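Below is one structure; the comments refer to it alone.
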Amino acid sequence: EQQVQYNRGSVLRAQSQFDRVITAGGSQSRTYLPLSSVETTVYGPISAITNLTSVDAEATQQFRNGISAGPMLTVTRTSDNVFTFSGQNQSHLDFQVNIPLLRGRGRDAVTAQEVSSNIEVEASLLDLNQMISDLLFNTATSYWSAVAARRSLDVYRDAETRAKLLLDTALALIAADKIPRSDASEAQANLADRTASRIGAEEQFLEARQQLAVAMGLGAEQVITGREATDPLPVGTELPPPGDLQAAISEALRRRADYLAAKKRQGEADVLTVAAKNQLKPQVDLQFSTGYSGVKDGLRPDQYILSTTGGVHGIDLSGGVRYQFPLQNRAAEGGLVQARSTALQAAYHTQESARNIASGVIVAEASVRSAALQLGKVNESVALFRTSLDNEREKYRLGVGSLVDVLTVEDRLTSVLVEQVQAELGYAVALARLRSSTGTIVEPDKAVQRVDPSVFLTLPASGH
């Protein structure tokens, strides 16, 4: 956001080139000029004392076509003790126009910096929105990871509970002389293993919560008391609709803020290249001026002012041509080399961004499809292993099954339940990555964003 503000300041600096500049000044002087003996004999005083009052003001402005113009007024009053006892007021009003013919002519050359600064503001706003999208994606991923860590902890807690129940069952059957006492050691070892897994899952859950707090930008005092991630993982197995993959890539290029920013900067570089080419031309300017001069005798203040209109006998006109060109002109040549290099780099960056986005869309769609299919199969596996565990428990209670069989199936069920959580997490992250890859988390060109949380729960709609 501050970079956007900084670039807006750059626009104002670039626009200052076309500000109207008013300059004014005034001076008062008193000089003593010694007179020769002859002059002293003729005029009397031994020196000429001259008082000079001068006021000048001008206003100049450069226009966006390169022409600069403005008026200039100078008013002076001269009085001395020899020739002009009564004082003489003179004024000159002039209007000057400078028209560039080669270098500095036309809007493309003159407004290049202003245009490029405006483009940079637009590009930095796109950068901001891309950063918002990336931060939301990272935060959503951390959130789902925290949810998955909590779910995994629940799985290991349930496994620990099942292990305690199995140990109680084994002890009861041993007391009834239905199974050998050695089964108790296996049941106790199974419980200890499940307890160790639960302790490890608690630590992973704590780490996931802290990572979420950091991703959310919580303050140091809020990291400890952060809210729980209670929303469930998306359990749908919706597949991306079949369609034209190239159309999906084109839509992503239309919406991805980072690609749009790269295109903006490519256009910005082209604008500055045109201006740099213009600097290779000689400076040839037509200069015109017109105005008049006035005069009014007297020492009163009003006579000083009336000199701007009194004693005018005609309009002054002048015109000329000014030529300037360095024989080597290395500064302009170096500027053009740099501008062309910057434009070429910007074009390469745009192409590279497009390739990465296209690849990302292809991988993201395939990831969602793969994650959905994997989640469906894992769900089937969980249901079958639950049934299998119930059957093995029943056989063990009846004395026709073995503890090893129960432990084996129970271990497989715990593993597949953890796989189910990871599959749901994979599907949730794949959805978020598809949204990020297609640029459908935020709008690319809006200064204020309103994000619907459902973007992380559903597939992007076709054409959006």
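The values are calculated or read from the model by the stated rules, or taken from the named source; none is laboratory data. Everything numeric in this text was worked out from a predicted model, so none of it was measured. Glycine also receives a Cβ, built like all others from the backbone with ideal geometry; neighbour counts cover every protein chain displayed. These area figures cover heavy atoms from the full protein model, side chains too; ligands, DNA and RNA do not enter into them. Shrake-Rupley method; radii C 1.70, N 1.55, O 1.52, S 1.80 Å.
The lone criterion from (1) assigned to a helix (DSSP H, G or I); (2) open to solvent by less than 70 Å² (accessible area, probe 1.4 Å); (3) touching a Leu at 6+ places or on another chain (Cβ under 7 Å) left unmet by residue 429 is number (3). Taking the criterion of being in contact with an Asp or Glu (Cβ under 9 Å, 6 or more places away or on another chain) and either open to solvent by 60 Å² or more (accessible area, probe 1.4 Å) or free of Cβ contacts under 8 Å to residues at least 24 places away in the same chain (or both), the only residue of the stretch 174-192 that qualifies is 174. So for the stretch 20-37 (the condition being outside any strand (DSSP E or B) and surrounded by 14 or more Cβ atoms within 10 Å (Cβ to Cβ)), does at least one residue qualify? So far as the stretch 20-37 goes, yes, one or more of its residues are outside any strand (DSSP E or B) and surrounded by 14 or more Cβ atoms within 10 Å (Cβ to Cβ).
Regarding residue 271, is this residue outside any helix (DSSP H, G or I), more than 30 Å from residue 360 (Cα to Cα) and either touching a strand residue (DSSP E or B) at 6+ places or on another chain (Cβ under 6 Å) or open to solvent by less than 60 Å² (accessible area, probe 1.4 Å) (or both)? Please lay out each step first, then the result.
Details: outside any helix (DSSP H, G or I): no; more than 30 Å from residue 360 (Cα to Cα): yes; either touching a strand residue (DSSP E or B) at 6+ places or on another chain (Cβ under 6 Å) or open to solvent by less than 60 Å² (accessible area, probe 1.4 Å) (or both): yes.
Against the criterion (outside any helix (DSSP H, G or I), more than 30 Å from residue 360 (Cα to Cα) and either touching a strand residue (DSSP E or B) at 6+ places or on another chain (Cβ under 6 Å) or open to solvent by less than 60 Å² (accessible area, probe 1.4 Å) (or both)), residue 271 does not qualify.
Restricting attention to the stretch 432-464, which residues are open to solvent by less than 30 Å² (accessible area, probe 1.4 Å) and out of contact with any helix residue (DSSP H, G or I) (no Cβ under 6 Å at 6 or more places or on another chain)? Scanning the stretch 432-464 gives 440, 459. The residue that is farthest from residue 443 (Cα to Cα), counting only those in the stretch 159-173 that are surrounded by fewer than 21 Cβ atoms within 10 Å (Cβ to Cβ) and in contact with a helix residue (DSSP H, G or I) (Cβ under 8 Å, 6 or more places away or on another chain), is 173. Criterion first (under 30 Å from residue 51 (Cβ atoms), surrounded by 12 or more Cβ atoms within 10 Å (Cβ to Cβ) and in contact with a Lys or Arg (Cβ under 7 Å, 6 or more places away or on another chain)) does residue 311 satisfy it? Spelling it out, residue 311 is indeed under 30 Å from residue 51 (Cβ atoms), surrounded by 12 or more Cβ atoms within 10 Å (Cβ to Cβ) and in contact with a Lys or Arg (Cβ under 7 Å, 6 or more places away or on another chain).
Looking at the structure I just gave you, is residue 348 under 30 Å from residue 98 (Cβ atoms) and hydroxyl-bearing (Ser, Thr, Tyr)? Against the criterion (under 30 Å from residue 98 (Cβ atoms) and hydroxyl-bearing (Ser, Thr, Tyr)), residue 348 does not qualify.
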